[in-house]
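Worksheet: the structure to be examined is printed underneath.
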Amino acid sequence: MKEILRKARLRLLKMHFESGVGHIGGNLSALDLLLTLHHRVMAGDDQFILSKGHAAGALYVTLWSLGLLAEEQLATFHKDGTKLGGHPVPHGIPEIPFAVGSLGHGLGLAAGLALGKNLRGQPGRVFCLLSDGEWNEGSNWESLMFIAHHRLREVVLLVDLNGLQGFGATAEVANLGSLANKLKEFGLEVREVDGHNTDAIEQALKTPPTDRPMALVARTIKGHGVSFMENKLEWHYLPMTAEQYQMAVEEANRL
Amino acid sequence: MRTILTRTLVSYARESDFVFLTGDLGFMALEPLREVAKERFINAGIAEQNMVSVAAGLATAGLRPWVYSIAPFLYARAFEQIRNDVCLHNLPVFLVGNGGGYAYGVMGPTHHAIEDYGALLGLPNLTVQIPAFAADVPQAVLRLMAAARPAYLRLGRDEKPENFVVPPYAPWRRILSGQGATVVVVGPLAGGILAAAQVLPESQRPTLWVLSELPIVNAEIPATFIADFQQSGHLIVVEEHVVQGGAGAALAHALLCTQTTPRRFTHRFARGYPSGRTGSQVFHREECGLDPASILRLLSNTP
């Protein structure tokens, strides 16, 4: 797993450097979660919905690490004519069923997929990755009420709690207090983990929930693994210079 | 039209891909459907954004969801969900907006839907069905189910004149012939205008067309309709919708593109709230010159 993580982090950095694209901070915070989920947790009938669409790069790299995206496809990221846009596009690749990027959509979509599975008697869980800033969106609270009320146990929320959003710290923009407590109040079973501890993530996701839908609140570090990016707001948007990229690669290699 | 929609959907409610969501509306109307559809009738609560995303998820899972609310709570509140989740993915989600135009009358402007299809028709893959008569509803439902793509069904109040036999539902229908102007009406407004116009002497009587499906497909504009306005020389479009994004603008565009323009073109449309006051649907129509008497005056001024 360690080697998968290292390779994926390097590939993600390379992809964002070559395309001159930002959003690397929120991709690095989510990468360990995505890799652990896809390599160690998800099975045949499970589905994954990305709600924090700006972590598209981390998802593409995860699919690449599973052999579901070829190197040549990955090389088209962010280029003219690509199916791998900065945010997932409609009818892009089969593993990513929805175009997302405007926040507050993925959870409702995941709820619909899970309800559809229920109504049709089909097996499998629906994992949905959200950011923490994304909880500013009212639609998420609508979806949360719906999931809790209908006891959609097939839905598993993963929250990438990195504490930073587009133009400030989440605590300073619209302080949520304890998101975990709020999710509990809404009727979910909540587990909290270190979002960079793959064993802990795996264990939390593999232990079935009791009678309620489950949320995994993962404490993460924006820009994780690259010290000059860690917990820095600017790495929500900034692309890397050649020098910064070299430094990042050296650090990622050491992890 | 809600009652007949309920009856129609009851007949499909046992199909394996049927599912119906309502935004906590439909009291005294949807109960029979709830009874038959059972767990496939979902009151999603007063949370339209989630309701539309859920519907998109259901459609992706292989179902064909119906989503019901008072029109603006659906197309305006959940516009981005309709755009991103439903239309971008070309999913068979059938949106039902009750209260097209000023149908909610004195309930006030928050409940009116006078820019609904204009707002929605900018979205990819979506078609709009606008039944003019209650009898149209079952066929409009069939039509959008057969298309199996995003659709918006704009419901109003049935205003069919007594003794009028509604011709089979189609995007274009001629419901009255005469030697006067050629009038295209969108939606239930057609009933009152038909009742007023059909008693006119033939020399003044307009030819009435009902337009029920949008966007207008140029190739489907009937040759008989073109012949009608070329002969009469005056084309009038009447709709309970604002000018922007409305059927009048779309038809003018279509006719310009196909180089078959009338000598004279008049458009009657919803003008919002000219007096700043609210009232019944009839009150609002009168303020905008959409009521039958105003249309008759327009016809009598036609040379």
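A few remarks follow.
- Residues located in region A:128-151, provided they are surrounded by fewer than 24 Cβ atoms within 10 Å (Cβ to Cβ), closer than 12 Å to A:ALA114 by Cβ and in contact (Cβ under 8 Å) with a residue 60 or more places away in the chain: A:ARG151
Residue-by-condition table, conditions (1) out of contact with any helix residue (DSSP H, G or I) (no Cβ under 8 Å at 6 or more places or on another chain); (2) within 12 Å of chain B (Cβ to nearest Cβ); (3) more than 21 Å from A:HIS23 (Cβ to Cβ):
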| residue | (1), (2), (3) |
| --- | --- |
| A:HIS54 | no, no, no |
| A:GLY57 | no, no, no |
| A:TYR60 | no, no, no |
| A:LEU68 | yes, no, yes |
| A:GLY86 | no, no, no |
| A:VAL89 | yes, yes, no |
| A:PHE98 | no, yes, no |
| A:LEU107 | no, yes, no |
| A:ARG120 | yes, yes, yes |
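- Sole residue being surrounded by 17 or more Cβ atoms within 10 Å (Cβ to Cβ) and free of Cβ contacts under 8 Å to residues at least 24 places away in the same chain, chosen from A:GLY116, A:GLY104: A:GLY116
- Only a single criterion out of (1) more than 8 Å from chain B (Cβ to nearest Cβ); (2) part of a helix (DSSP H, G or I); (3) within 25 Å of B:TRP66 (Cα to Cα); (4) not basic (Lys, Arg) is not satisfied by A:CYS128, namely (2).
- Tally, over region A:131-185, of residues that are on the phi > 0 side of the Ramachandran plot and touching a strand residue (DSSP E or B) at 6+ places or on another chain (Cβ under 9 Å): 1
- Region A:125-145 - residue that is small (Gly, Ala, Ser) and within 15 Å of the chain's Cα centre (by Cα) and, of those, nearest to A:LYS52 (Cα to Cα): A:SER131
- Pairs with Cβ under 6 Å, 6+ apart, first in region B:246-261 and outside the structural domain of B:SER232 (by TED's automatic domain parsing) and closer than 18 Å to B:THR127 by Cβ, second polar (S, T, N, Q) and modelled with pLDDT under 95: none
- Some residue of region B:190-206 being modelled with pLDDT of 95 or more, assigned to a loop (DSSP other than H, G, I, E, B) and of a type in the set (Gly, Ala, Ser): no
- Looking across region A:213-232, the residues that are in contact with a Leu (Cβ under 6 Å, 6 or more places away or on another chain) and either surrounded by fewer than 17 Cβ atoms within 10 Å (Cβ to Cβ) or at positive phi (or both) come down to A:GLY223, A:GLY225.
- Boolean, A:GLU142 is within 11 Å of chain B (Cβ to nearest Cβ) and not in a loop (DSSP other than H, G, I, E, B): yes
- Here A:ILE49 meets the list (1) in contact (Cβ under 8 Å) with a residue 60 or more places away in the chain; (2) in a helix (DSSP H, G or I); (3) closer than 27 Å to A:ARG6 by Cβ almost entirely, failing just condition (2).
- Residues of region B:56-73 that are crowded, with 24+ Cβ neighbours inside 10 Å and more than 14 Å from chain A (Cβ to nearest Cβ): B:TYR68, B:ALA71.
- Among the residues of region B:146-177, the ones that are surrounded by fewer than 23 Cβ atoms within 10 Å (Cβ to Cβ) and in a loop (DSSP other than H, G, I, E, B) come to 18 in all.
Listed here are the residues, each with its yes/no results for (1) touching a residue at least 40 places away in the same chain (Cβ under 8 Å); (2) assigned by TED's automatic domain parsing to the domain that holds B:ALA270; (3) under 19 Å from B:VAL128 (Cα atoms); (4) crowded, with 17+ Cβ neighbours inside 10 Å.
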residue	(1), (2), (3), (4)
B:GLN179	yes, yes, no, no
B:VAL184	yes, yes, yes, yes
B:GLY187	yes, yes, yes, yes
B:GLY192	yes, yes, no, yes
B:ALA195	yes, yes, no, no
B:ARG205	no, yes, no, yes
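- Qualifying residue in region B:75-94 (condition: away from chain A (no Cβ under 11 Å) and among the aliphatic types (A, V, I, L, M)): yes
- Between A:LEU255, A:LEU238, A:LEU176, A:LEU233, the distinction of being over 24 Å from A:ARG125 (Cβ atoms), of a type in the set (A, V, I, L, M), more than 20 Å from the chain's Cα centre (by Cα) and modelled with pLDDT under 95 belongs to A:LEU255 only.
- Of all the numbered requirements in (1) under 21 Å from B:ALA56 (Cα atoms); (2) touching a Ser or Thr at 6+ places or on another chain (Cβ under 9 Å), A:ILE96 misses one, and that requirement is (2).
- Single match in B:LEU9, B:LEU25 (criterion: modelled with pLDDT of 95 or more, in a loop (DSSP other than H, G, I, E, B) and away from chain A (no Cβ under 14 Å)): B:LEU25
- Filtered residues of region B:12-22 (kept if of a type outside the set (S, T, N, Q) and in a strand (DSSP E or B)): B:PHE18, B:VAL19, B:PHE20, B:LEU21
- Taking the criterion of being closer than 21 Å to B:LEU91 by Cα, part of a helix (DSSP H, G or I) and more than 8 Å from chain A (Cβ to nearest Cβ), the only residue of region B:31-50 that qualifies is B:GLU48.
- In region A:208-222, the residue that is nearest to A:LEU28 (Cα to Cα) out of those that are among the aliphatic types (A, V, I, L, M) and touching a residue at least 60 places away in the same chain (Cβ under 8 Å) is A:ILE221.
The values are calculated or read from the model by the stated rules, or taken from the named source; none is laboratory data. This is a predicted model, so every value here is computed, not measured. Glycine gets a Cβ as well: all are built from the backbone with ideal geometry, and neighbour counts include every protein chain shown.
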